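Engineer: Got a structure for you, written out below as structure tokens; questions coming shortly.
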Amino acid sequence: MAKYTLDNLPIDKDQYKVIALDLDDTLLRSDKTISDYTVKTLKKAQSQGYSIVIATGRHPKSAVRYMQMLDCLNDHSYAICFNGAGVVRLNEYVAFDSEVGYPLVCQESLNGAQAKELYALAKENGCKCHAYSVERGLVIEDHNEHTQREIDNGRVGFTEIDFSALDDNEKFFKLLIVGDKEVLDELEKRIPQKISAYFSVLRSEAHYLEFIPNHAHKGTGIESLCRTLGLSKDNAMAFGDAGNDLAMLVSAGLGVAMENGFDYVKEAADVVTKSNDEDGVAFLVNKFLK
């Protein structure tokens, strides 16, 4: 059970300076839109000194698109990308004008040799791979239905490659093994120790098993960002719904789960807000605005 209810949540209007937002099933409604009420609320929060942060498993290009929808893209806009493997100041990304090679506030990476080990694990279990290369952007094995969803949602360019022939020294932000839910359920239970010793293994959705280097996750991303801003992680409120949001909700000063979120995420959160289709983000943020 969450620590607080919406009725007994303590309201300190001076504590929080960062609002970190997961995208799917959190900021975004089920139809992938953002309500006018949420846009108005987050613009007001930014005008009162909050840094609005997109926290996503996706590429920075997606964060820019949604920050533009919020009309909150400015010098104080950041994104935690690739589920914590990269933190980006979004105006720097936009000015760089390229989907690869852009400056980062912080970065974690795996190498090609490790990617080939993960690819072999995927093949052993009848699954597919795609990954985000530091140098090449999104690289895919083929156009299977789960990888195609990544392409469609992220709207970034991609390169089809042979993962078994990767250069051992190529660097990647993250790699995903994708496939049937039941297969990934079993694979997640028996990740080899050599892999779990280095990677955060996250379930971002039923068909995606993500491998994030150096045990990075959205929680380490928000901690790095707060240090960059001269703040404590206790100055951040974070919103999410799924397993890849859990560490961020636990790390932040106020971890807010969506009513539509996974049960174990709601149990670990400080408070549960309304669902994504009921403007749960705006409803909670408004409690802290002056």
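The values are calculated or read from the model by the stated rules, or taken from the named source; none is laboratory data. Everything quoted here is computed from the prediction, not taken from an experiment. Here the Cβ positions follow ideal geometry from the backbone for every residue, glycine too, while neighbour counts run over all protein chains shown. In case anyone asks, the SASA skips ligands and DNA or RNA and just uses the protein heavy atoms, side chains included. Shrake-Rupley method; radii C 1.70, N 1.55, O 1.52, S 1.80 Å.
Engineer: If I filter the range 252-284 down to residues being open to solvent by 20 Å² or more (accessible area, probe 1.4 Å) and touching a helix residue (DSSP H, G or I) at 6+ places or on another chain (Cβ under 7 Å), which single residue comes out as nearest to A45 (Cα to Cα)?
Structural biologist: The qualifying residue nearest to A45 (Cα to Cα) is D279.
Here's the yes/no breakdown for (1) outside any loop (DSSP other than H, G, I, E, B); (2) more than 19 Å from the chain's Cα centre (by Cα); (3) surrounded by 13 or more Cβ atoms within 10 Å (Cβ to Cβ):
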residue	(1), (2), (3)
L9	no, yes, yes
K13	no, yes, no
D25	yes, no, yes
R29	no, no, yes
T33	no, no, no
I52	yes, no, yes
G57	no, no, yes
R65	yes, no, yes
C72	no, no, yes
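Engineer: Out of everything in the range 119-133 that is assigned to a loop (DSSP other than H, G, I, E, B) and not small (G, A, S), what residue ends up being farthest from the chain's Cα centre (by Cα)?
Structural biologist: Per the criteria, the residue is N125.
Engineer: Same structure, new question: Would you mind stating whether V250 is touching a Ser or Thr at 6+ places or on another chain (Cβ under 9 Å) and of a type in the set (V, I, T)?
Structural biologist: So V250 fails the test.
Engineer: Let me ask something else. With E124, E141, E182, E145 as the choices, which residue is in contact with a His (Cβ under 8 Å, 6 or more places away or on another chain), among the acidic types (D, E) and modelled with pLDDT of 95 or more?
Structural biologist: Answer to the check: E141.
Engineer: Based on this model, can you work out whether V139 counts as in a strand (DSSP E or B), open to solvent by 30 Å² or more (accessible area, probe 1.4 Å) and within 23 Å of L104 (Cα to Cα)? Can you show your working first?
Structural biologist: On the way: in a strand (DSSP E or B): yes; open to solvent by 30 Å² or more (accessible area, probe 1.4 Å): no; within 23 Å of L104 (Cα to Cα): yes.
No.
Engineer: Anything in the range 36-50 that is of a type in the set (G, A, S) and open to solvent by less than 10 Å² (accessible area, probe 1.4 Å)? List them, or say none.
Structural biologist: A45
Engineer: Restricting the range 235-251 to residues that are small (G, A, S) and open to solvent by less than 10 Å² (accessible area, probe 1.4 Å), which is farthest from the chain's Cα centre (by Cα)?
Structural biologist: A236
Engineer: Any residue that is aliphatic (A, V, I, L, M), over 21 Å from F158 (Cβ atoms) and crowded, with 23+ Cβ neighbours inside 10 Å - is there at least one of those in the range 83-100?
Structural biologist: Yes: the range 83-100 contains one or more residues that are aliphatic (A, V, I, L, M), over 21 Å from F158 (Cβ atoms) and crowded, with 23+ Cβ neighbours inside 10 Å.
Engineer: A further question on this structure: In the list A122, A131, which residue meets the criterion of being touching a Phe, Trp or Tyr at 6+ places or on another chain (Cβ under 7 Å) and surrounded by 18 or more Cβ atoms within 10 Å (Cβ to Cβ)? Can you show your working first?
Structural biologist: Numbers: A122 fails: touching a Phe, Trp or Tyr at 6+ places or on another chain (Cβ under 7 Å).
Just one listed residue meets the conditions, A131.
Engineer: Please verify whether the range 150-172 includes one or more residues that are closer than 21 Å to D24 by Cβ, at pLDDT 95 or above and either part of a helix (DSSP H, G or I) or open to solvent by less than 70 Å² (accessible area, probe 1.4 Å) (or both).
Structural biologist: No, the range 150-172 contains no residue that is closer than 21 Å to D24 by Cβ, at pLDDT 95 or above and either part of a helix (DSSP H, G or I) or open to solvent by less than 70 Å² (accessible area, probe 1.4 Å) (or both).
Engineer: Please work out which residue is nearest to N125 (Cα to Cα), limiting yourself to the range 212-234 and to residues that are open to solvent by less than 40 Å² (accessible area, probe 1.4 Å) and out of contact with any helix residue (DSSP H, G or I) (no Cβ under 6 Å at 6 or more places or on another chain).
Structural biologist: Top of the filtered list is P213.
Engineer: Can you name every residue in the range 178-199 that is in a loop (DSSP other than H, G, I, E, B) and open to solvent by 70 Å² or more (accessible area, probe 1.4 Å)?
Structural biologist: Those that are in a loop (DSSP other than H, G, I, E, B) and open to solvent by 70 Å² or more (accessible area, probe 1.4 Å): D180, R190.
Engineer: Working carefully through the options Y78, Y4, find the one that is touching a helix residue (DSSP H, G or I) at 6+ places or on another chain (Cβ under 8 Å), open to solvent by 10 Å² or more (accessible area, probe 1.4 Å) and at pLDDT 95 or above.
Structural biologist: After ruling out the rest, the residue left standing is Y78.
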